[in-house]
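Written below as structure tokens is the structure these notes are about.
Every number in this text was worked out from the coordinates using simple rules, so none of it is lab data. Only a predicted model underlies this, so the values are computations on that prediction, with no experimental measurement involved. When we count neighbours, we look across all protein chains shown, and the Cβ atoms used for this are built from the backbone with ideal geometry, even at glycine.
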Amino acid sequence: METLNGVAELNGNGRPKEKLNGLPPQVLVEAPRAARREASITELSGLQPVVARRAIHIATERLFHVTDVTEDCQELVAESGVKEGMLSVFSQHTTCAIKINERETCFLEDLRLFMEALVPQEAYYRHDDFEIRDHATLAGTVEEEPINGHAHIKQMLLGSASESVPVADGTLRLGTWQRIMFIELDQARNRKVQLQVQGWR
Amino acid sequence: METLNGVAELNGNGRPKEKLNGLPPQVLVEAPRAARREASITELSGLQPVVARRAIHIATERLFHVTDVTEDCQELVAESGVKEGMLSVFSQHTTCAIKINERETCFLEDLRLFMEALVPQEAYYRHDDFEIRDHATLAGTVEEEPINGHAHIKQMLLGSASESVPVADGTLRLGTWQRIMFIELDQARNRKVQLQVQGWR
Amino acid sequence: METLNGVAELNGNGRPKEKLNGLPPQVLVEAPRAARREASITELSGLQPVVARRAIHIATERLFHVTDVTEDCQELVAESGVKEGMLSVFSQHTTCAIKINERETCFLEDLRLFMEALVPQEAYYRHDDFEIRDHATLAGTVEEEPINGHAHIKQMLLGSASESVPVADGTLRLGTWQRIMFIELDQARNRKVQLQVQGWR
């Protein structure tokens, strides 16, 4: 197993155990204390079940092209008439991520710089090494196959294939700063984002 | 594109390609072999559809304040009467994570130290640089805006906005060591965790 | 708070602020432009609600044993008869990940090497230090407790406990290259993957 310089110090590796033992944990772990709670139970048997879908075709322009699909999601919830249910946003791609966070260019540029430093595009990846890779796994010829080993690793770190958001009383329950974003982690490509609202109206 | 010292060696970058070619992959990739399987199909048409919600208001005290909301989730499933369905735990915040893992203070302190080393709080983030950031994106004045560029990156690495757990035969199907935790990645703030059980009773 | 050599340079820490200020962001953030959209709304009230489950018992052989459960998922959708709904793949374990990506050995070996460099198995973890850990949290005796601090961190970075995939018109809506994979992040262990399809048939 490889231990690489400059990374080995993460986790306190290489620091004396005694020193760590002497420090109390700073993490605070507990059940909710004296928390205020609000609750509701809603019977749905007077409502009709429905599923509504929208696919958005996007031609991304480059690595870290971020597409904000929040308004599409809100429109779909409104069109569907769903009062109580769940929105699912799904990506059928292996080198893109669906993420919910703030739409703020400086933060997203921080994220881009961070991810490029952690998983550099021009590092060596076996996935891009056609001398060792099984050619049966290629999409077509070696020339057609994208050089995107870095993008697969970025997808594994950043994303799941989908995000889910509750719909309550006809409204998508996003927080003030939350936006639903589709992030291209590979090069310019034709992509499709799949929205699905399932619930009761 | 920046390649930074000490990070560039990740992924085998800088190591001779020949050496990597000579090593067989240690990863084992396959379909399930001779696996035992259990299956069931349950018709729900004799049951009534219902959605139950609980919001928990939490005043977090600091970075890496971890709140274990598992008992709230179990109580909500019991109160809802749902026999078959899905629990969703959702955070409306952009600098918190919902995670399911072991509630063990030493592990969570390992995680805190690891995340602080990987995404240091006091590094430079454009998100916190009010000389370059678009002031239209601020929550209020520059003074009111939290300095939390690190927390947004941590959220992107650690979390999705939600986690889902199946409910079967009236029971939340968590594993022995799994606890549902809400993790503060920013400073002390007022937070809200949203639980939703949707299913049939 | 620790700032460790070799990691501190991530995020541009240590680089002059002026230089960063001079660079325009390369990230591109926008709403979908001139995107083609397809939409549908399907009433479900003529259909019957159903939930189908399958548990797959897997004896993993080592760290980064990857089990492709896609065919099990497709079989369950077919057996359930569900036309419109959602598949959920859930892991009851705290040191495994459910991920959807390409089943390609070279990429998965890249991921293994990357994760081992980032979260080395033999680094120091408080979770494995039985001199400081609360013995009440152990599964049994100190000898029985797995040494797996690294695996918990890897789980937190890579995975959520579950992945969800839409089922539309009786078909699991995976992309061409997407496979649903269960990844062992600890040592050889007995594991169980839980599949659940909930929907209408």
Can you pull the Rg over Rh of region C:28-68, Cα-only, Kirkwood? 1.26
Loop-located GluC sites (Glu not before Pro) in region A:22-79, at most 15 other Cβ atoms within 10 Å (DSSP): A:Glu61
Show me the GluC sites (Glu not before Pro) within region A:143-193 that DSSP assigns to loop and that have at most 12 other Cβ atoms within 10 Å of their Cβ. A:Glu143, A:Glu144
For chain C, what does the equivalent ellipsoid look like in terms of its semi-axes, each the square root of 5 times an eigenvalue of the Cα gyration tensor, given largest first in whole Å? 37, 30, 15
Fewest-first ordering of B:Asp129, A:Asp134 by Cβ atoms within 10 Å yields A:Asp134, B:Asp129
Under-5 Å amide H pairs with A:Ile180, H placed in peptide plane, nonlocal only: A:Val69, A:Thr70
Answer check: the protein assembly as shown, Cα atoms, Kirkwood Rh, Rg/Rh ratio of 0.94
If each of C:Thr137 and C:Thr171 carries a label point 7 Å out from its Cα toward its Cβ, how far apart are those two points in nm? 4.7
For region C:133-141, Karplus-derived ³J(HN,Hα) couplings (6.51, -1.76, 1.60; θ = phi - 60°; whole Hz; x for glycine and proline) come out as 6, 5, 5, 5, 8, 6, 5, x, 7
Share of pairwise Cα separations in region B:92-182, more than 19 Å, in percent: 55
Taking beta carbons within 10 Å but only from partner chains, what does the mean come to for residues A:84-97? 5
Amide H within-cut-off set for B:Leu28, under 5 Å, with H built and near neighbours excluded: C:His65, C:Val66
Residue-normalised 222 nm signal for chain B, counting each DSSP H run of n ≥ 4 as -39,500 (n - 2.57), nearest 500 deg cm²/dmol, is -6000 deg cm²/dmol
Sequence-distant or interchain residues sharing an amide H contact under 5 Å with C:Leu44, placed H: which? A:Val50, A:Val51
What shape does region C:78-125 take by its C-alpha gyration tensor, where a ≥ b ≥ c are the square roots of the eigenvalues and a/c under 1.5 counts as rounded, a/b above b/c as prolate, and the rest as oblate? oblate
By counting other Cβ atoms within 10 Å of each Cβ, how are B:Met86, C:Met181 ranked from fewest to most? C:Met181, B:Met86
In Hz, Karplus ³J(HN,Hα) per residue of region B:59-69 (6.51, -1.76, 1.60; θ = phi - 60°; x = Gly, Pro): 9, 6, 9, 5, 3, 6, 7, 9, 10, 8, 9
As a Kirkwood estimate from alpha-carbon pairs, region C:44-146 has a hydrodynamic radius in angstrom of 17.8
Tell me, what are the semi-axes, in whole angstrom and largest first, of the equivalent ellipsoid of region A:137-201 as set by the roots of 5 times the Cα gyration tensor eigenvalues? 33, 14, 10
Got a sec to turn the phi values of region B:170-175 into Karplus ³J(HN,Hα) couplings, 6.51 cos²θ - 1.76 cosθ + 1.60 with θ = phi - 60°, whole Hz, x for Gly and Pro? x, 10, 5, 8, 7, x
Within the set A:Leu28, A:Leu87, A:Leu158, GNM on chain A using Cα springs under 10 Å gives the largest fluctuation to A:Leu28
